[in-house]
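I have placed the structure first, in the form of C-alpha cells, so that the comments after it can refer back to it.
The values are calculated or read from the model by the stated rules, or taken from the named source; none is laboratory data. Bear in mind that the values here come from a model prediction, so they are computed numbers and not experimental data. Neighbour counts are summed over all protein chains in view; Cβ atoms, including those assigned to glycine, are modelled from backbone coordinates with ideal geometry.
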Amino acid sequence: MTQDELKTLVGQAALQYVPAGALIGVGTGSTVNKFIAALSAAHAAIRAVSSSEASTALLRAAGIAVVPLEQAGELAVYIDGADEIDPHGHMLKGGGGALTREKIVAAQARRFICIADASKQVDTLGRFPLPVEIIPMAAARLARQFAALGGQAALRMSGGQPYVTDNGLHILDVRGLRITDPLAFENETSQWPGVVTVGVFARQKASCCLLATQQGVRTLQ
Ligand code: 5RP
C-alpha cells in the first residue's frame, strides 16, 4: 500500500470511535482529510468542532455541520493526525500549522484518537522539526532560547513571506531537538514569553493511536 492508501485505511478505521449522533472534534492534515471523506461516505449524522479553516471548509463541503467551540460542551472524541508519536502516546504536531486550535479542541474532548501511518512512529520525539506558534516580535529571542537547547529555529515561510496561521501569527520550526522528556519540555517551553503553543502534545497525549501498517491497522492503547 502507498502512504496515501495507508492514510485512507486509518481514516476509515477511525469511524468506529465516532458514536452515532455525537459532537466530535476534528483535527487537521492529510490523514484527517481521509477521515472526513470516510465520515461523509458513511453519512454519519454527526456534528463537528473543527481545528482549522481548512478542515472547516472540507467538513462543510461534506455536508457535516460545524459547531463553534464556544457553543460546544464536552466533545465525545477528538480525532487528529500527528507528525510523530512515541510509545507513550506523546505526539509532535503542527506540521499543518494548526497546533494551537488543535490543542484547544483536544482539551475539550473526552478521548484523543490519533490516526497515523506507521512512518510517524518514533522512539523519541524531535526528528520532525518542532512547530512553535509564536507572537511575531519574539521570533529572534525565541530562536536564541531554542539554540540554547541545541535546536535550530527557522521562521516558516510561504510564498516568500512568513507563513500566517489561522490565528494571524507565525510559526518557528525547530530542528535538531531530541525531546526525551516531552512533558517537562512542554511545561518549560510553553512558559517562554512569546510562545503561544509548542507542538509537543504530552499534557494532552493520545488516549489511543490507530497506526496504519502494511499488515493492517494496529491499535496502540
Ligand atoms: C496539523 C497537524 C497534523 O496532524 C500533522 O501535521 C499530520 O499531518 P498529516 O496527516 O498530513 O501527515 O498537526 O497541524
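Quick check, is His88 more than 14 Å from the ligand (Cβ to nearest atom), on the phi > 0 side of the Ramachandran plot and not hydroxyl-bearing (Ser, Thr, Tyr)?
On the way: more than 14 Å from the ligand (Cβ to nearest atom): yes; on the phi > 0 side of the Ramachandran plot: no; not hydroxyl-bearing (Ser, Thr, Tyr): yes.
Here the answer is no, as His88 does not meet what is asked.
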Single residue of Ala48, Ala118 found to be closer than 21 Å to Val10 by Cα, touching a Leu at 6+ places or on another chain (Cβ under 6 Å) and at pLDDT below 95:
Ala118
Strands (runs of 3 or more DSSP E) fully within the range 155-221 counting 2 or more residues that are among the charged types (D, E, K, R):
170-175
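How about the range 128-159: which of its residues are under 16 Å from the mean Cα position of the chain (by Cα) and surrounded by fewer than 22 Cβ atoms within 10 Å (Cβ to Cβ)?
Kept after step one, since they are under 16 Å from the mean Cα position of the chain (by Cα), are these residues of the range 128-159: 128-133.
Matches in the range 128-159: Phe128 only.
Okay, residues lined up against (1) more than 17 Å from Arg111 (Cβ to Cβ); (2) β-branched (Val, Ile, Thr):
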| position | (1), (2) |
| --- | --- |
| Ala22 | no, no |
| Gly25 | no, no |
| Thr28 | yes, yes |
| Lys34 | yes, no |
| Ala38 | yes, no |
| His43 | yes, no |
| Ser50 | yes, no |
Check off (1) surrounded by fewer than 22 Cβ atoms within 10 Å (Cβ to Cβ); (2) acidic (Asp, Glu); (3) closer than 21 Å to Gly25 by Cβ for Asp123 and give me the number that stays unchecked.
(3)
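Table: residues versus (1) touching a His at 6+ places or on another chain (Cβ under 9 Å); (2) over 23 Å from Gln221 (Cα atoms); (3) surrounded by 19 or more Cβ atoms within 10 Å (Cβ to Cβ); (4) of a type outside the set (Gly, Ala, Ser).
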{"position": "His43", "(1), (2), (3), (4)": "no, yes, no, yes"}
{"position": "Ala65", "(1), (2), (3), (4)": "no, yes, no, no"}
{"position": "Glu74", "(1), (2), (3), (4)": "no, no, no, yes"}
{"position": "Val105", "(1), (2), (3), (4)": "no, no, yes, yes"}
{"position": "Arg111", "(1), (2), (3), (4)": "no, no, no, yes"}
{"position": "Ala118", "(1), (2), (3), (4)": "no, no, no, no"}
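When the range 92-112 is examined, which residues are found to be more than 21 Å from Glu53 (Cβ to Cβ) and within 12 Å of the ligand (Cβ to nearest atom)? Quick ask: steps written out before the conclusion?
Within the range 92-112, the first condition is being more than 21 Å from Glu53 (Cβ to Cβ), and the residues that meet it are 92, 110-112.
Listed by number, the residues that qualify are Leu92, Phe112.
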Selected residue [away from the ligand (no atom under 15 Å from the Cβ) and not β-branched (Val, Ile, Thr)] from Pro129, Pro136:
Pro136
